[in-house]
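Peer 1: Once you've had a glance at the structure underneath, I'll fire off some questions.
The values are calculated or read from the model by the stated rules, or taken from the named source; none is laboratory data. Please read all numbers here as calculations on a predicted model, not as lab measurements. Heads up, the Cβs are rebuilt from the backbone with ideal geometry, glycines too, and the neighbour counts pull from every protein chain shown.
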Amino acid sequence: MRDILLYNELAYLWPVISPPDTYAGEAAHWREALRGRLGPGRHRLLELGVGGGHNLSHLTAEFDAAAVDISPRMLELSRRLNPSVEHYLGDMRDVRLGQVFDGVLIHDAISYMQTEDDLRAAFATARVHLRPGGLLLVAPDLVRDTFRHGMRLRWDSWRDGVEVIIEEAIYDSDPCDTMVESHFTYTITERGARRVERDVHVTGLFSIAVWFSLLEEAGFEAELIPLPGDGDGCGEQLFCGVLVR
Ligand SMILES: C[S@@+](CC[C@H](N)C(=O)[O-])C[C@H]1O[C@@H](n2cnc3c(N)ncnc32)[C@H](O)[C@@H]1O
């Protein structure tokens, strides 16, 4: 994770590349899933891999929350956006806060779990932080069932005088393993100067059947809520697990 520019030196660009207001529609689905299963009340949530806290920022008016991320710079962004949230530096595979919550959220950060053992470890973390009957919500960017080798995405964004053009190409160089590589090019224009930065994110790719099987192995009764996604085949699945065992 330390080698990913976007969550380190380039973290200040996260609110430009992926602005908080663009999460409103998706967060409405998360709110509905939480309310539908936890019922009314100011439930306590933990988000693992909170990033800039953009998705979470749409839930803090109704829920109390704590948040974990492995990147100090991303954590700082979320701290500024979500001052009411307790923030902790940690790895979702082994962080232990010694607290129990009604819901654990893992948004697109779950994509950084590269192997089934990584997923098992993240689900174990969720489990130890949940009360019996608590809810785990997880939303991978991609699943093996709909992944297309060589997928290409391109988008433009600007804010406060900074413009970033993002190009992403996703390759599955070894279909026998559970990893894919996203090759990013960021063309950044700020204070009249243009520069190009490159980044490779290695993320996990699992079938829906594997998602279900690992959630059930971890003690969750799981269901899948289909989401509209971003129109490019990303973010179309929200897995919900109720801790039953
Ligand atoms: C795409 S960003 C999340 C953005 C977030 N959904 C938002 O609304 O702003 C992915 C985040 O996952 C974090 N991350 C990756 N691996 C992690 C791990 N093992 N434990 C905790 N956080 C991790 C990265 O540091 C990064 O902040």
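Peer 1: Can you tell me which residues in region 96-109 are touching a residue at least 40 places away in the same chain (Cβ under 8 Å) and surrounded by fewer than 24 Cβ atoms within 10 Å (Cβ to Cβ)?
Peer 2: Those that are touching a residue at least 40 places away in the same chain (Cβ under 8 Å) and surrounded by fewer than 24 Cβ atoms within 10 Å (Cβ to Cβ): Leu97, Gln99, Phe101, Asp102, Asp108.
Peer 1: Next up: So which of Gly53, Gly25, Gly41 ends up being in the same structural domain as Leu227 (by TED's automatic domain parsing), touching a Ser or Thr at 6+ places or on another chain (Cβ under 6 Å) and either closer than 21 Å to Cys240 by Cβ or not aromatic (Phe, Trp, Tyr) (or both)?
Peer 2: Of Gly53, Gly25, Gly41, the one residue that is in the same structural domain as Leu227 (by TED's automatic domain parsing), touching a Ser or Thr at 6+ places or on another chain (Cβ under 6 Å) and either closer than 21 Å to Cys240 by Cβ or not aromatic (Phe, Trp, Tyr) (or both) is Gly53.
Peer 1: How many residues, within region 65-95, are away from the ligand (no atom under 12 Å from the Cβ), within 21 Å of Arg127 (Cβ to Cβ) and surrounded by fewer than 15 Cβ atoms within 10 Å (Cβ to Cβ)?
Peer 2: Qualifying residue count, region 65-95: 1.
Peer 1: Spot the failing condition for Arg37; the list is (1) within 13 Å of the ligand (Cβ to nearest atom); (2) over 28 Å from Ile166 (Cβ atoms), and only one is missed.
Peer 2: (1)
Peer 1: Just checking, which of Gly134, Gly103 is in a strand (DSSP E or B) and either under 24 Å from Asp230 (Cβ atoms) or within 13 Å of the chain's Cα centre (by Cα) (or both)?
Peer 2: Unique residue meeting the criteria: Gly103.
Peer 1: Could we say that Leu238 is surrounded by 19 or more Cβ atoms within 10 Å (Cβ to Cβ), under 15 Å from Arg120 (Cα atoms) and under 19 Å from the mean Cα position of the chain (by Cα) here?
Peer 2: When the stated conditions are applied, Leu238 does not pass them.
Peer 1: Right, here's the next one. Which one is farthest from the ligand (Cβ to nearest atom), of the residues in region 40-56 that are crowded, with 19+ Cβ neighbours inside 10 Å and small (Gly, Ala, Ser)?
Peer 2: Among them, the one singled out is Gly53.
Peer 1: Still on this structure, I have one more. Looking only at region 1-30, how many residues end up being more than 12 Å from the ligand (Cβ to nearest atom), surrounded by fewer than 15 Cβ atoms within 10 Å (Cβ to Cβ) and assigned to a helix (DSSP H, G or I)?
Peer 2: Counting residues in region 1-30 that are more than 12 Å from the ligand (Cβ to nearest atom), surrounded by fewer than 15 Cβ atoms within 10 Å (Cβ to Cβ) and assigned to a helix (DSSP H, G or I) gives 3.
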